[in-house]
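Heads up: the structure comes next, in structure tokens.
The values are calculated or read from the model by the stated rules, or taken from the named source; none is laboratory data. Note that the coordinates shown come from a computational prediction; the quantities given were computed from them, not determined experimentally. Neighbour counts run over all protein chains shown; Cβ positions are idealised from the backbone, glycine included.
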Amino acid sequence: MIRRDPRAERDAMVVSRTPRLRLDRTHRGGASLTRADAPVAAPTIIHIAEPAFLVFAVIEAAGGALNRHDRQVIGAARTLAGRDAAVVVLTPHLPSQAPDAIGTAGGDRTITLPTPTYDPERSAALIAQAITDHAPRHVVFPESADGGDLARRVAALTEADLFAGAESLTPTQAIRPAQAGRVELRATPPRLISIAPDRIAPYHGAPHAADPLPTPAAAATPGGIRAATTLAVDAATIPLDQAPLVIAAGNGVTDFAGFLDLARALGATPGASRVVCDAGALPRALQVGASGTVLNAECYIALGISGAPQHLQGIGTVEHIVAINTDLHAAIIARAGLAIIADAQDVMQALRAML
Amino acid sequence: MNIIVLLSAGRDPQSGTPRPVPVELQAIALALALATHLAPTTTITGLHAGEPDPSVLDALGHGLTTLTLLRTNPADDPLATLAAEIDRARPDLILAGRRGRGGTDSGLLPYRLARARAMPIAADAIAIEPDGNDLAILQSLPRGARRRLTLARPAIVTIHEAAPPARTFAFRARRSGTIHEKPGIPAPSPTDNHEIRPYRQRPRLIAETTQPTTAGHLMLAPTPETAAAAVLAYVEQFRGR
């Protein structure tokens with residue numbers, strides 16, 4: 001991004017300063033433009049060479065990338081570690097650019113767990129072996145479906161208690177709900193902790209080094225889980241509040257049969273704005289927004305939706321938004337990661353033709 | 001086939017009165033559905049270690065006919081009692097809810113039991129079928145995904161809330177159910193230093209993305225084909241997850 005520097009421009013126009021300031025405004029060659037992003041130095045990477053103790057963060061990294069919950073787990077471990085201790089991130093195999101992501105999220109070391117397929121028994125054995133090898137003070141897990149399962153397996157293997165679903169975490173105190181959510185338990189953070197989603201802030205400071213550590217050596221023993229296959233899901237049957245990819249139609253769409261066909265071809269769950277549901281073009285169950293469904297999607301495609309405040313509430317947690325709208329000044333254009341000023345109906349037909 | 005359903009003392013989240021844990025009632029329904037596939041000799045037994053809590057006895061009204069009640073102090077660690085009973089009953093399948101509702105609610109006991117008896121454990125099942133000498137488990141994952149597991153018998157399986165609904169309560173069945181009461185093994189649980197306070201709602205993190213993003217890519221009046229290609233390139237990483 002190019003930004004003007006008015007002081008430098010003025011200095012360039014100075015002819016003489018004595019006996020009085022004379023500026024030559026006739027030629028414009030004096031305007032000096034500096035690149036705003038050029039002088040920003042690369043942030044210094046924090047190395048913790050002699051850690052006081054270790055904190056493990058076990059992440060899922062589904063699909064080879066860190067999700068929000070993974071970053072919160074590393075953030076929680078960073079909170080427990082403070083400045084002097086090191087966070088060791090235990091991760092499945094990640095693509096080559098991902099160690100940077102771990103360092104940015106606050107990890108000082110990484111241990112890659114060699115589990116190419118779903119094998120929680122093997123993963124738990126490897127993590128238990130790493131705990132024996134490195135004796136971390138804390139091990140933080142995500143309280144997600146697979147992460148919570150793994151945390152309990154490790155707790156059973158190491159015969160330790162698990163502080164499950166922590167909602168607040170400081171170096172001196174951890175808090176979790178219990179007794180049907182009627183009370184909360186407070187304790188000094190124990191060894192094994194799993195953290196509930198969206199409760200503990202991710203790390204935002206300077207990046208850490210994320211140096212690789214050797215993989216723990218644990219003998220592979222045949223487990224009780226003989227086979228595991230993930231089944232293909234029909235996106236149209238996923239409940240709207242759980243769908244990872246949602247495509248929604250608004251007032252800019254006229255061909256709704258074509259819209260549903262596009263959703264099917266794209267593998268996205270269909271949604272709609274209030275206007276479309278009010279008109280009866282799509283069922284009320286598809287409505288996205290304050291009076292419809294609040295989404296938890298990763299990606300949202302808005303076709304011909306201007307983005308009323310009530311609609312934006314429904315997509316508040318969505319990280320990646322594609323907006324196709326004819327109005328450059330619509331609220332959703334400001335919110336979108338990819339904004340296209342075009343007729344949604346035409347783009348929809350072109351998309352369908354490309355799939 | 002011999003099926004045991006682990007039952008825990010449940011509490012209502014709002015009133016705190018005894019109420020069965022819904023996901024354990026779903027486990028009973030799943031066991032009854034499984035029994036229809038199998039030989040008529042299949043037995044389904046509820047198992048609880050503790051006091052005769054009304055929430056546990058109410059499970060008899062939701063399709064369970066037999067309940068084994070191992071009398072221990074509710075503050076005791078139930079692991080040794082349950083492990084001894086499993087050694088005696090030798091079940092082929094043990095079902096449990098994924099989390100309790102009324103105690104510590106950590107969901108750890110089935111895993112400790114699996115470790116103590118060297119059984120495999122699978123979490124979050126919504127359907128169970130016999131598969132030769134093994135069990136075929138359908139596991140519920142977030143975002144509507146499903147995973148099929150083959151599990152060696154005997155096994156422990158925890159049940160997810162997305163499993164088929166529980167049977168409705170029948171008062172006569174609740175009265176006519178059989179309760180076998182036995183003494184359990186006293187095993188004081190290690191004292192934890194937890195401080196108990198009334199639950200306080202804490203705000204969830206607000207996603208950083210609720211603020212308008214300025215770094216977004218803007219395309220002004222592109223051709224429909226260019227726009228569609230850009231959308232596909234952007235969306236590609238989220239498709240087919």
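Some points to look at:
- Selected residue (criterion: farthest from A:HIS134 (Cα to Cα)) from residues of region A:146-158 that are more than 8 Å from every other protein chain (Cβ to nearest Cβ) and of a type outside the set (Ser, Thr, Tyr): A:GLY147
- Positions within region A:192-224 being within 14 Å of another protein chain (Cβ to nearest Cβ), among the charged types (D, E, K, R) and surrounded by fewer than 18 Cβ atoms within 10 Å (Cβ to Cβ), in sequence order: A:ASP198
- Selected residue (only one of B:ALA35, B:ALA29, B:ALA39 is among the hydrophobic types (A, V, I, L, M, F, W, C), more than 14 Å from every other protein chain (Cβ to nearest Cβ) and surrounded by fewer than 16 Cβ atoms within 10 Å (Cβ to Cβ)): B:ALA39
- Condition met for A:LEU162 (of a type in the set (A, V, I, L, M), buried (at least 20 other Cβ atoms within 10 Å of the Cβ) and in contact with a strand residue (DSSP E or B) (Cβ under 6 Å, 6 or more places away or on another chain)): yes
- Test: residue in region A:106-118 that is modelled with pLDDT under 95 and closer than 30 Å to B:ARG200 by Cα: yes
- Any hit, region A:162-181, residues being under 30 Å from A:GLN242 (Cα atoms), within 24 Å of the chain's Cα centre (by Cα), in a loop (DSSP other than H, G, I, E, B) and in contact (Cβ under 8 Å) with a residue 24 or more places away in the chain: yes
- Residue match in region A:244-258 (condition: within 14 Å of another protein chain (Cβ to nearest Cβ), closer than 30 Å to B:ILE121 by Cβ and either modelled with pLDDT of 90 or more or within 27 Å of the chain's Cα centre (by Cα) (or both)): yes
- Of all residues in region B:189-234, those satisfying the criterion of being under 35 Å from the mean Cα position of the chain (by Cα), within 7 Å of another protein chain (Cβ to nearest Cβ), modelled with pLDDT under 90 and outside any loop (DSSP other than H, G, I, E, B) are B:THR209, B:THR210.
- Failed criterion for A:ALA227 (all others in (1) surrounded by 15 or more Cβ atoms within 10 Å (Cβ to Cβ); (2) within 14 Å of chain B (Cβ to nearest Cβ); (3) aliphatic (A, V, I, L, M) hold): (1)
- Test for A:ASP37: is it out of contact with any Phe, Trp or Tyr (no Cβ under 8 Å at 6 or more places or on another chain), at pLDDT below 80 and either assigned to a loop (DSSP other than H, G, I, E, B) or not hydroxyl-bearing (Ser, Thr, Tyr) (or both): yes
- Residues of region B:121-135 classified as surrounded by fewer than 20 Cβ atoms within 10 Å (Cβ to Cβ) and within 7 Å of chain A (Cβ to nearest Cβ), total: 1
- Restricting A:ALA128, A:ALA151, A:ALA180 to those that are touching a helix residue (DSSP H, G or I) at 6+ places or on another chain (Cβ under 8 Å) and within 20 Å of B:LEU109 (Cα to Cα) reduces the list to A:ALA128.
- The set of residues in region B:109-139 that are touching a residue at least 24 places away in the same chain (Cβ under 8 Å), of a type in the set (A, V, I, L, M) and assigned to a strand (DSSP E or B) comprises B:ILE121, B:ALA122, B:ALA123, B:ALA125, B:ILE126, B:ALA127, B:ILE128, B:LEU135.
- Criterion violated by A:GLY280 - all others in (1) at negative phi; (2) surrounded by fewer than 22 Cβ atoms within 10 Å (Cβ to Cβ) satisfied: (1)
- Qualifying residue in region A:296-306 (condition: within 11 Å of chain B (Cβ to nearest Cβ), in contact (Cβ under 8 Å) with a residue 12 or more places away in the chain and touching a Ser or Thr at 6+ places or on another chain (Cβ under 7 Å)): yes
- The test for being modelled with pLDDT under 95, more than 24 Å from A:GLY223 (Cα to Cα) and within 14 Å of chain A (Cβ to nearest Cβ) does not hold for B:ARG153.
- Looking only at region A:123-145, residues that are buried (at least 20 other Cβ atoms within 10 Å of the Cβ) and among the charged types (D, E, K, R) come to 1 in all.
- Residue identified as out of contact with any helix residue (DSSP H, G or I) (no Cβ under 8 Å at 6 or more places or on another chain) and closer than 30 Å to A:ALA125 by Cα among B:ALA96, B:ALA80, B:ALA49, B:ALA39: B:ALA80
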